[in-house]
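Values in this text are rule-based calculations from the coordinates and carry no lab data. A quick note: this is a predicted structure, and the numbers were derived from the prediction, not measured.
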Amino acid sequence: MKAKGKVFRYGDNVDTDVIIPARYLNTSDPMELAKYCMCDIDQDFVKQVQEGDIIVADANFGCGSSREHAPLAIKTAGVSCVIAASFARIFYRNSINIGLPILESPEAVANIEAGDEVEVDFDTGAITNVTKGQSYQGQAFPPFMQEIISAGGLVPYINENLLEK
Amino acid sequence: MGMTMTQKILAAHAGCDSVKAGDLIMADLDMVLGNDITAPVAIDVFKKLNTESVFDKDKVALVPDHFAPNKDIKAAEQCKKMRLFAHDKDVTNYFEVGEMGVEHALLPEKGLVVAGDAVIGADSHTCTYGALGAFSTGVGSTDMAVAMATGKAWFKVPSALKFNLSGAFRKGVSGKDLILHIIGMIGVDGALYKSMEFTGEGIANLTIDDRFTIANMAIEAGGKNGIFPVDAVTEEYLKAHSDRPYKVYTADADADYDEVYEINLADIKPTVAFPHLPENTKTVDEITEPITIDQVVIGSCTNGRFSDFKKAADIMRGKKVAKGVRVLIIPATQKIYLDCMEAGYLREFVEAGATVSAPTCGPCLGGHMGILAAGERCVSTTNRNFVGRMGHVDSEVYLASPEVAAASALLGRIASVDEL
Ligand code: SF4
C-alpha cells in the first residue's frame, strides 16, 4: 500500500481540540466533521486539501482527548497519511483502529517542508521526498498491528478472530 | 526482572505470569465506559460487530455528561442514541440526567471501579481511577465498541516513570498544584506511552481526592495511566463505596523505571498553567504583572468533588466575587451537589455572587454554559487549556486549584489565598 501527496506541515503538540474543536462534536457524521478539520490552527486546510495529501508534524501529534472524531476528520478530509516525530497514544491507537495510516519518523519530520511532494510505502515504512529527492525511514508496525491494519481495522480483525459467527 | 504495579495488573488480566514493556497483549476488562460524545460513535461501530449483546451488562457504563442536560438538538439526538442503546442492551449502569454526574467523579462514587481492576473508557481522563490502585486508561470509540462486545482490549505494555513522594503539602496547596508542577517539569509528552507510578511515604499525606486529581491529569503529561499504591486511605474509600472485592497489587522491588523523580510535597507552591498548554506552569508567586480575569470555573472531573467545594467555600464565605467576574460552580455529581447543599456551600456561593449549575462537563470542553468570547480569560479547575478549549480561539484558560480559583474570583485577578 502506498500514498502520495502534498504536505501540510505543523509543529509540536497539535491537539485534538484544534484538529476538531469540541463545539463541532454534537455530531459524529464524518463528512460533517471533515468540514472543520484543523480549523482552529489552519483555516485554509479544508479549502486546500486534496485527496491523498499528507500531514507532517513534530512531536506529540494528536494529544488531548480520546475523540476518534480527530483521526476520522483527518481521514475523511482526504488525508492519506500522517507522519510525525511522535504521536499521543490514544490518537495512535485510534488511527490504527479506524485505518488511518500513521508513521513515526523524526528524520522525515526534520527534513520535510510544507508543500513538498511525498510518497510513503506502508509495507516497508520508506518515505520518499519527491520534491527534494531525499528518502527517510519510518518505523514499521509490529506484526500484531500489521494484522489489524491488513484486516482493515479493529472491527474486521475482531470479527475474524474473536466474534466468529 | 520485576514488574511495575501497572504491569502486574495487566499481566493478571491477560492471563500471563509476567509481561514486560513493549509486549502486545489482549486483556480482560472489568469496566468499559463511554459518554455522550464517544458512545454514539461506538454504538455505530458496535453494529458492525458480529454480536447482538454486550459482553456483560453490569460491566458497561454509559454517562451523558458532556453536552447534557442536552445543549441543543444535535446533542439531544446523541444522548437519545445512547439512552436507546442502554435500554436495548439492558445496560445496568446508564445514568440519566437526575442521577448522572461527570463520569470520572461518578464511577468511583458509585463503586464501579475498585483496586486491581482493568478499565477502559472512551474518554482520555479515564486514567482518573488509578487513584484507587486500578489500571485505567482512555481509548477511542472503536476500542470501546469492541470492548463492549468482547470484554477485551489490546494494549502495548507500558514502561513507567516513578514519582517518589515525601513530606506533606503546606497550607493552601493540594493535589492540583503537584500534578501541574509535574507536568511543568516533564512536559505534555514527558510520560508519552508510559505509566506514572506514584510511591513513597508522602502518599499517606494525600487525600483520596488529591489522588483522583493527580491521576486524572496523567494524560496531560501524555501518560497511559497514573497509579497509586493501595493504602488505608484507599481501603477506607473502597469499603465506603463498593461491595465488590478488590485486589491489591504492588510493584516488585526490582521493577524497572525509565526515570525516578524525588518530590518533597512541602516544596510545592500554588501553581497555575498558563495558556495554551498544561506544561506552561508558573507558581503564583512568580506572576509579576496582574492577570485580570473574566470568568472562574470550579468543577470538572479534575476538581469538582466535595472537598474542592469545601476549600472554595471556606475562602469565599461572607465575601463578594469581584465586579465583572462570572463565577460558575459545577458540582461533578448529584451526590456532591446534595452534600454541598446540606453543608450550606451552595447558599454561600450564591450569596458571594457565584452561580451554581447542575452536574455537567459544560464549559470544561467549551461545550455549553460559560463559553468564552474573544480576548476573555478564565481561571479554571479543569485540566486542559488548549487553544479554543473553552470557547473562542482567542480566549485564554488558566488551570489552577480550587483555592487559587476561589481567591482569584474574589480579587478579579489570578491570586493565591495568601493575598486575601
Ligand atoms: S469534565 Fe472536562 S475533562 Fe472531565 S470528562 Fe468532562 S470534558 Fe472531559
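Note the per residue figure in Å³ for the convex hull of the C-alpha positions in segment A:109-161.
Looking at segment A:109-161, the number lands at 89 Å³ per residue.
Taking a quarter of the surface of the Cα convex hull of segment B:153-241, what do you get in nm²?
6.5 nm²
Would you compute, from DSSP H runs of 4+ residues alone, the mean residue ellipticity of chain B at 222 nm, taking -39500 (n - 2.57) per run and dividing by the full residue count, rounded to the nearest 500?
After summing the helix terms and dividing by residue count, I get -8500 deg cm²/dmol.
Under the Karplus relation 6.51 cos²θ - 1.76 cosθ + 1.60, θ = phi - 60°, what is the ordered set of whole-Hz ³J(HN,Hα) values for segment A:29-39, x standing for Gly and Pro?
Along segment A:29-39, the couplings run 6, x, 5, 5, 5, 4, 5, 10, 4, 6, 4 Hz.
Calculate one ³J(HN,Hα) per residue across segment B:37-45 by plugging θ = phi - 60° into the Karplus curve 6.51 cos²θ - 1.76 cosθ + 1.60, and present them in order as whole Hz with x for glycine and proline.
Couplings: 8, 8, 5, x, 5, 5, 5, 4, 5 Hz.
Using Stokes-Einstein with the Kirkwood hydrodynamic radius over Cα pairs, what translational diffusion coefficient do you get for the protein assembly as shown at 20 °C and a viscosity of 1.002 mPa s, in µm²/s rounded to a whole number?
90 µm²/s
Would you work out if segment B:59-104 is rounded, prolate or oblate? Take a ≥ b ≥ c from the square roots of the eigenvalues of the alpha-carbon gyration tensor; rounded if a/c is under 1.5, else prolate when a/b is larger than b/c, oblate otherwise. Intermediate values should be presented prior to the final figure.
Working: a/c = 2.35, a/b = 1.29, b/c = 1.82.
In terms of gyration-tensor shape, oblate.
Let me know the shape class of segment A:35-128, please: from the alpha-carbon gyration tensor, a ≥ b ≥ c as square roots of the eigenvalues, rounded when a/c is under 1.5, otherwise prolate if a/b is greater than b/c, or oblate.
Working: a/c = 1.43, a/b = 1.12, b/c = 1.28.
Since a/c stays below 1.5, the shape of segment A:35-128 is classed as rounded.
Spelling out what I want: for every residue of segment B:389-406, take phi, set θ = phi - 60°, compute 6.51 cos²θ - 1.76 cosθ + 1.60 (Karplus), and round to whole Hz; glycine and proline get x.
Values per residue, Gly and Pro as x: 4, 10, x, 4, 4, 9, 9, 10, 10, 10, 8, 7, 6, x, 5, 5, 4, 5 Hz.
More than 22 Å apart: what percent of Cα pairs in segment B:48-154 qualify?
On the way: 1664 of 5671 pairs.
In whole percent, the share of Cα-Cα pairs in segment B:48-154 beyond 22 Å is 29.
When the C-alpha atoms of segment B:27-92 are aligned to their principal axes, what extent does each axis show, in angstrom, from largest down?
Result, largest extent first: 36, 22, 20 Å.
Tell me whether segment A:9-60 comes out rounded, prolate or oblate; compute the Cα gyration tensor, take square roots of the eigenvalues as a ≥ b ≥ c, and use a/c under 1.5 as the rounded threshold. Write down the numbers at each step before the final one.
Working: a/c = 2.02, a/b = 1.25, b/c = 1.61.
Oblate.
What area, in nm² and to one decimal, does the C-alpha convex hull of segment B:315-420 cast on average over all directions?
With every direction weighted equally, the projected area is 6.2 nm².
Let me understand segment B:227-333 better: what is its radius of gyration from the alpha carbons, and its Dmax, in angstrom?
Cα radius of gyration and Dmax of segment B:227-333 are 19.2, 57 Å respectively.
Taking the alpha-carbon centroid of each part, what is the distance from segment B:262-325 to segment B:356-404 in angstrom?
The distance from the Cα centre of segment B:262-325 to that of segment B:356-404 comes to 13 Å.
Considering the Cα positions of segment B:108-170, please state its Rg to one decimal place and its Dmax as a whole number of Å.
Rg and Dmax of segment B:108-170, Cα atoms, are 14.1, 47 Å.
Compute the orientation-averaged projected area for chain B from the convex hull of its Cα atoms and round it to one decimal in nm². Before the final figure, lay out each step's value.
On the way: hull surface 75.1 nm².
Average of the hull's projected areas for chain B equals 18.8 nm².
Report, in whole Å, the centroid distance computed from the Cα atoms of segment B:13-53 and segment B:91-162.
10 Å
Taking just the C-alpha trace of chain A, give me its Rg and Dmax in Å.
Over chain A's Cα set, Rg and Dmax evaluate to 15.3, 51 Å.
Over chain B, what is the relative contact order in whole percent, taking alpha-carbon pairs under 8 Å and six or more residues apart?
For chain B, the relative contact order is 18 percent.
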